[in-house]
Amino acid sequence: MLKKLVITCLINFLIAAAMGLALRFSFLESIGVNYRFLTHAHSHVAMLGWVYLMLYTLFVHYFVPEKPKVFNRLFWLTEIAVVGMMLSFPFQGYAAVSISFSTLHIFCSYYFVYLIWKHHKATSTVSQKLLKTSLIFMVISTIGVWCLGPAVSMLGQASAFYQIAIQFFLHFQFNGWFLIAVLAVFFHILRVEDSRVFRIFFWLLIVSTILTFALPIQWFAPHNSLLWINGLGVIIQILALAKFFQVIKPQRKALANPKNKLVLYMYGFPLVCFILKVAFQSLSILPEFSQVVYEHRNFVIGFIHLLMLGVISGFLFAFILQANLVTFSKSLNFGIYSFLFGFVATELLLLIQGVMFYFGSGILPYYYLFLFLFSIFLPLGIGFILFNSIKHKNYAT
């Protein structure tokens, strides 16, 4: 059953990547679809069809030993909500049908939280703390969604209230629910034991996650105090990163797979991206830089992809490799390295072009063409990983 669910998640990811490729191609030729609508579809399928459902699958696999049938039924109901958004967003954006499926997904997520809370059997205090904290952040993040309706009716979509509500949802989804959830699985696999160092890391992570929300608020409701709050959050986040490596250092041997070094390399990739994520976020301490990030879309897209494709998806791919859901072969190596190449190449292009925009140097020659060509490697890599997983015969571990 685990294999079927993971394959479903990979199919969602492949579709989201194909949508992203179409968005990149739209800068070269017209694709006959509203760009903004397709962006909504791309982001929802990537977040809710790939990351959310993979975390759903991993939580049930690792933390629910008895696995009542309700989890399987809820998974497919949630997948129906994802497919509904996949088919409706490209043609109507936020409208009755897409909002209905989005609402269904939220209610499914609430029920998932209840079920995990009731049935989980986390084997350690560490796993239990991270598991429950990630679920709490997931529920908290949806407050932003429920605020969108009142924000539009009272103040309109251009209002600070509306924009901050969106940022509230995204911030606590990415940095709260998604990030802490992958850490829960990662620490479970490493068999990290409770310790003073872990407890310090845990509280630093939570506090920094809350305080760094001050930055997106600052973008739409500027106030000097928000810069100071974000600065404090960034400093605490740096300390959390240092404690994170202290926590995993004694367990690092558990990552080594004597059968294939690809597992070890795949864990190293999201860890490097995690460091880069904190490093780039640390630059937001500088007020002028935080404003530059907001004004230049390249930096925003680059940072979101660094977190979603680099850190989150990097860990998820590593979990798939370690769970014996693929056959280690040349095709798998090609898929993994193709995805990594596409990610690194597009991130560098976005960064270089963002810097050039900031200094008023114009556009790189053939920028949109190269961005599209390098982006091809992302769905190509996912496709090879998906095909490998479908052909794989062994049971997951």
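Which ones in the stretch 66-117 are of a type in the set (Phe, Trp, Tyr) and more than 15 Å from residue 146 (Cα to Cα)?
If the condition is that a residue be of a type in the set (Phe, Trp, Tyr) and more than 15 Å from residue 146 (Cα to Cα), then 71, 75, 76, 89, 91, 111, 112, 114, 117 are the ones that fit.
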(Q) Pull out all pairs, ordered by first then second residue, where Cβ-Cβ is under 8 Å, the residues are six or more apart or on different chains, the first lies in the stretch 246-258 and is closer than 14 Å to residue 197 by Cβ, and the second is loosely packed, with under 14 Cβ neighbours inside 10 Å and at pLDDT 65 or above. (A) 251/191
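Only one of 362, 354 is over 19 Å from residue 330 (Cβ atoms), surrounded by 13 or more Cβ atoms within 10 Å (Cβ to Cβ), among the small types (Gly, Ala, Ser) and free of Cβ contacts under 8 Å to residues at least 60 places away in the same chain; which? Outline the logic, then answer.
Numbers: 362 fails: surrounded by 13 or more Cβ atoms within 10 Å (Cβ to Cβ).
Residue meeting the stated conditions: 354.
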Q.
Looking at the stretch 165-203 only, could you name the residues that are of a type in the set (S, T, N, Q) and in a helix (DSSP H, G or I)?
A. 167, 173, 175
Q: Can you tell me which residue within the stretch 242-280, out of those that are of a type outside the set (D, E, K, R) and part of a loop (DSSP other than H, G, I, E, B), is modelled with the lowest pLDDT?
A: 258
Q | the stretch 190-216, subset among the β-branched types (Val, Ile, Thr) and modelled with pLDDT of 90 or more, residue farthest from residue 285 (Cα to Cα) | A | 197
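Return the residue satisfying two criteria in turn: it lies in the stretch 347-397 and is of a type in the set (Val, Ile, Thr) and over 27 Å from residue 15 (Cβ atoms), and of such residues it is modelled with the lowest pLDDT. Full working, then the answer.
First, the residues of the stretch 347-397 that are of a type in the set (Val, Ile, Thr): 352, 355, 363, 376, 382, 385, 390, 397.
Now narrow it down to the ones that are over 27 Å from residue 15 (Cβ atoms): 352, 355, 363, 397.
Numbers: 352: 89, 355: 81, 363: 82, 397: 49.
Among residues in the stretch 347-397 that are of a type in the set (Val, Ile, Thr) and over 27 Å from residue 15 (Cβ atoms), the one modelled with the lowest pLDDT is 397.
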(Q) Restricting to the stretch 338-366, give me the number of residues that are in a helix (DSSP H, G or I) and either more than 26 Å from the chain's Cα centre (by Cα) or under 19 Å from residue 276 (Cβ atoms) (or both). (A) 20
(Q) Consider the stretch 136-182. How many of its residues are of a type outside the set (Phe, Trp, Tyr) and closer than 19 Å to residue 212 by Cα? (A) 22
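One line per residue, one yes/no per condition, for (1) under 30 Å from residue 198 (Cβ atoms); (2) in contact with a Ser or Thr (Cβ under 8 Å, 6 or more places away or on another chain):
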residue: 87; (1), (2): no, no
residue: 94; (1), (2): no, no
residue: 107; (1), (2): no, no
residue: 123; (1), (2): yes, no
residue: 137; (1), (2): yes, yes
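Please enumerate the residues belonging to the stretch 372-383 that are of a type in the set (A, V, I, L, M, F, W, C) and within 21 Å of the chain's Cα centre (by Cα).
Pass one, the stretch 372-383, residues of a type in the set (A, V, I, L, M, F, W, C): 372-374, 376-378, 380, 382.
Scanning the stretch 372-383 gives 374, 376, 377, 378, 380, 382.
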Q: Enumerate the pairs (first residue in the stretch 180-197 and on the phi > 0 side of the Ramachandran plot; second residue anywhere and part of a helix (DSSP H, G or I)) with beta-carbon separation below 7 Å, excluding pairs fewer than 6 apart on the same chain, so at least 6 apart or on different chains.
A: 191/251; 191/254
Q. Across the stretch 1-37, which residue is modelled with the lowest pLDDT among those that are more than 19 Å from the chain's Cα centre (by Cα) and over 25 Å from residue 366 (Cα atoms)?
A. 1
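Residue 216: crowded, with 18+ Cβ neighbours inside 10 Å, in contact with a His (Cβ under 7 Å, 6 or more places away or on another chain) and assigned to a helix (DSSP H, G or I), yes or no? Walk me through how you get there before you give the answer.
Numbers: crowded, with 18+ Cβ neighbours inside 10 Å: yes; in contact with a His (Cβ under 7 Å, 6 or more places away or on another chain): yes; assigned to a helix (DSSP H, G or I): yes.
Considered against the rule, which asks whether it is crowded, with 18+ Cβ neighbours inside 10 Å, in contact with a His (Cβ under 7 Å, 6 or more places away or on another chain) and assigned to a helix (DSSP H, G or I), residue 216 comes out as yes.
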Q: Please work out if residue 381 is small (Gly, Ala, Ser) and either under 15 Å from residue 23 (Cα atoms) or not in a helix (DSSP H, G or I) (or both).
A: no
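The values are calculated or read from the model by the stated rules, or taken from the named source; none is laboratory data. Note that the structure is a prediction, hence the values are computed from the model and not measured. Glycine also receives a Cβ, built like all others from the backbone with ideal geometry; neighbour counts cover every protein chain displayed.
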